[in-house]
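Colleague: Submitted below is the structure of interest, expressed as structure tokens.
Every read-out reported here was derived from the displayed coordinates using simple, explicitly stated rules and does not represent laboratory data. Being a predicted model, the structure only gives us computed values, none of them experimental. Quick reminder, even Gly has a Cβ in these numbers, built from the backbone with ideal geometry, and neighbours come from all protein chains shown.
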Amino acid sequence: MTARKQPQSETVTGLLVEWRSGNPEALNKLLPLVYGELHKLARRKMQNEREGHTLQHTALVHEAYLKLVQMDISWNDRAHFFAMAARAMRHILVDHARTKNRDKRGGEFEKVSLGEAEAVSGGYPIDILDLDRALRRLAELDSRQSEIIELHYFGGMTHEEIAAVTGVSATTVDRELRLAKAWIKHELRGLSDKRDR
């Protein structure tokens with residue numbers, strides 16, 4: 001027995017198209033469809049945070065969703081929506097870390113463990129602000145690699161999903177991700193060494 005195909009108007013892509021066309025009711029239908037996935041994404045990003053982190057994954061979902069619905073962009077499809085969700089979550093986590101560090105008036109850097117990102121850093125907890133600096137620097141050198149690593153780590157997207165968003169093959173995504181991971185690992189080591197001096 002084959003699964004019943006959802007009508008276009010009930011899919012994330014269909015609702016994004018309807019919303020973009022001016023149907024405000026589509027936004028109300030969109031939230032239940034994306035909320036669970038956004039929650040899983042946020043939980044993955046927050047599961048390895050230090051104990052006592054003041055930003056909870058539910059708050060991260062809500063902040064990210066608010067940012068997404070306030071964006072004035074033409075949504076292409078579901079993958080585009082979740083790529084932008086990854087970017088929104090990254091910015092929220094970075095802004096949160098900046099605020100915490102500013103509140104501490106130059107106190108300790110906020111160390112976080114971003115699950116798979118630990119593999120990039122060699123297994124030690126990394127500073128989210130250092131990761132953001134490294135990603136911005138990588139974007140100056142190779143914007144595609146920066147986007148791929150952002151979608152992978154902050155968006156939890158598979159190689160195939162990233163390929164769909166970026167318009168390259170999954171093989172290219174794999175190669176670019178390996179190169180980006182090596183570059184980020186080297187950059188994070190350099191940022192850590194500068195701070196320790």
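Colleague: Suppose each label sits 7 Å from its Cα in the direction of the beta carbon; what would the Lys40-Asn28 distance come out to in nanometres?
Modeller: If labels sit at Lys40 and Asn28, their model points lie 2.7 nm apart.
Colleague: Given labels modelled 7 Å from the Cα in the Cβ direction, how far is it in nm from Ser143 to Asp72?
Modeller: About 2.1 nm, to one decimal.
Colleague: Say the cut-off is 24 Å between C-alpha atoms; which of Lys29/Lys67; Lys100/Lys181; Lys40/Lys67 go over it?
Modeller: Too far apart for the 24 Å limit: Lys100/Lys181.
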